[in-house]
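Enquirer: First, the structure itself, so that you have it in front of you.
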């Protein structure tokens, strides 16, 4: 099999070829590795090789399909999980994460780990330890983050789908940047064990980025469900998620919101992305209406999200230091700055922000009493240029002084948090809602810009709404196909 033939299939299709003995797992892995050797030097999507020599006795629904995992939250026994940080680059883990073990049990052939920002803390994948990942649709642009390496690898055709996770948009943002399907399951549906019960109070979940809805659904079947040491046993659907592909979602009532408090004037292409989605949804018979205001307080939600993120990052830095003895120089400037802000947050303020999650959830639940889904852009702008969010040199120097003198905590009394919201969330103001509230959400590649860049739209569903999202996504995939739209990398 050559690459042109390989790319004609999604993971489900490749697995069928292996099962029918039309191709072997070894042949598929050879094609994937050859494609990686060709394009990864330009993409920097894969940052660590995983030894893989597939045998002929692989079993499972994806037996023999090449696969990549993210270098955060997806441990592979005997290898380090860097979290995108120099501090953890060499620290080997003893056992597979539960989600990785489930992928192995499904027969997937894992041969690499993918790029990300340090500790997954940004919506771009530009860590100091690995260097920036690049978007195969335009190498000058980001593939998003934090699962940016996975998205770049899938969009470039190295693998048909790859491991991702999502604590604030980290699956949906890269999917939107790279023309892929990105599903964030509801809270607790996928595991983070065995070492961790749940991440960020359950805001972070495991998943994949893929090129087809059926792959996303079937992969959710593979990884969903509780584990013995998990915090709870999640409600499971009466049938497989894959079985919902092709079923009618019925006539849905969908509310649309494009402006946000963080970015009241999104890029015209983001507006156009939603407009094209609205047109096809209306043609399919769904009732779609514009909302006069957001069904939640998005300005407060953004501050609550960043406050809890800063505290979480402070803990991650402290934990890495405990594990490795790493000094401050082993961490990036931005990470140390955010961690300093986290340490400057009082315990009462932190619990306050966590408790307000219920307020955001109640507002969204009230909205779902009248609507089936919420539609927004996934991104407020096309994918930014690599390096666009680097701190100016003058601010880098000033920040270094504050960090060295231990006075960075006083920045909490300045407008720096507001600036961070504007600069870091301004282009991705829509995705944190689903994480804070624990609701499932999905980004679909329904729009390409005039410059040929993908720009996804997002659907947010109520609790246990994964099946509804899958049914609607498959309907939209048929109405507005995207599988054959692939980047050309010269």
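The values are calculated or read from the model by the stated rules, or taken from the named source; none is laboratory data. Note that the structure is predicted; figures quoted are calculated from it, not measured. Here Cβ is always computed from backbone atoms with ideal geometry, including for glycine, and neighbour counts include all displayed protein chains.
Enquirer: Is there a residue in segment 340-349 that is buried (at least 20 other Cβ atoms within 10 Å of the Cβ) and at pLDDT 95 or above?
Expert: no
Enquirer: Please tell me if residue 158 is out of contact with any helix residue (DSSP H, G or I) (no Cβ under 6 Å at 6 or more places or on another chain), at pLDDT 95 or above and closer than 30 Å to residue 42 by Cβ.
Expert: no
Enquirer: Here is a further query. Across segment 1-22, what is the total count of residues that are crowded, with 19+ Cβ neighbours inside 10 Å, assigned to a loop (DSSP other than H, G, I, E, B) and in contact with a helix residue (DSSP H, G or I) (Cβ under 6 Å, 6 or more places away or on another chain)?
Expert: Going through segment 1-22, the residues crowded, with 19+ Cβ neighbours inside 10 Å turn out to be 6, 9-12, 14-15, 17-18.
Applying the additional criterion that residues be assigned to a loop (DSSP other than H, G, I, E, B) yields 9-10.
Among the residues that remain, those that are also in contact with a helix residue (DSSP H, G or I) (Cβ under 6 Å, 6 or more places away or on another chain) are: 10.
Within segment 1-22, residues that are crowded, with 19+ Cβ neighbours inside 10 Å, assigned to a loop (DSSP other than H, G, I, E, B) and in contact with a helix residue (DSSP H, G or I) (Cβ under 6 Å, 6 or more places away or on another chain) number 1.
Enquirer: Which count do you get for residues in segment 450-483 that are under 21 Å from residue 272 (Cα atoms) and either modelled with pLDDT under 95 or part of a loop (DSSP other than H, G, I, E, B) (or both)?
Expert: 10
Enquirer: Note down all Cβ pairs under 6 Å where the first residue falls in segment 402-427 and is over 13 Å from residue 263 (Cβ atoms), the second is at pLDDT below 75 and surrounded by 13 or more Cβ atoms within 10 Å (Cβ to Cβ), and they're at least six residues apart or on different chains.
Expert: Pairs that qualify, where the first residue is over 13 Å from residue 263 (Cβ atoms) and the partner is at pLDDT below 75 and surrounded by 13 or more Cβ atoms within 10 Å (Cβ to Cβ), are 402/408.
Enquirer: Continuing with the same structure: Go over the candidates 361, 381 one by one and state the one that is surrounded by 16 or more Cβ atoms within 10 Å (Cβ to Cβ), at negative phi, outside any helix (DSSP H, G or I) and at pLDDT 80 or above. So that I can check it myself, show each step before the final result.
Expert: Working: 361 fails: outside any helix (DSSP H, G or I).
Exactly one residue qualifies, and that residue is 381.
Enquirer: Could you please give the count of residues in segment 36-85 that are part of a loop (DSSP other than H, G, I, E, B), without any contact (Cβ under 8 Å) to a residue 40 or more places away in the chain and closer than 26 Å to residue 199 by Cβ?
Expert: 5
Enquirer: Might you let me know whether segment 61-68 holds any residue that is surrounded by fewer than 21 Cβ atoms within 10 Å (Cβ to Cβ) and touching a strand residue (DSSP E or B) at 6+ places or on another chain (Cβ under 8 Å)?
Expert: Within segment 61-68, not a single residue is surrounded by fewer than 21 Cβ atoms within 10 Å (Cβ to Cβ) and touching a strand residue (DSSP E or B) at 6+ places or on another chain (Cβ under 8 Å).
Enquirer: Just for segment 214-226: of the residues that are more than 23 Å from residue 436 (Cα to Cα) and in contact with a strand residue (DSSP E or B) (Cβ under 6 Å, 6 or more places away or on another chain), which one is surrounded by the fewest Cβ atoms within 10 Å (Cβ to Cβ)?
Expert: This residue is 215.
Enquirer: Yes or no: segment 233-241 includes at least one residue that is surrounded by 23 or more Cβ atoms within 10 Å (Cβ to Cβ), closer than 15 Å to residue 442 by Cα and in contact (Cβ under 8 Å) with a residue 12 or more places away in the chain.
Expert: Checked against the condition, which is being surrounded by 23 or more Cβ atoms within 10 Å (Cβ to Cβ), closer than 15 Å to residue 442 by Cα and in contact (Cβ under 8 Å) with a residue 12 or more places away in the chain, segment 233-241 yields at least one hit.
Enquirer: All but one of (1) touching a helix residue (DSSP H, G or I) at 6+ places or on another chain (Cβ under 7 Å); (2) free of Cβ contacts under 8 Å to residues at least 40 places away in the same chain; (3) farther than 19 Å from residue 335 by Cα hold for residue 139, so report the exception by its number.
Expert: (2)
Enquirer: Same structure, new question: Being assigned to a helix (DSSP H, G or I) and over 15 Å from residue 32 (Cβ atoms) is the filter here, so list the residues in segment 112-165 that pass it.
Expert: Selection gives 118, 119, 120, 148, 151.
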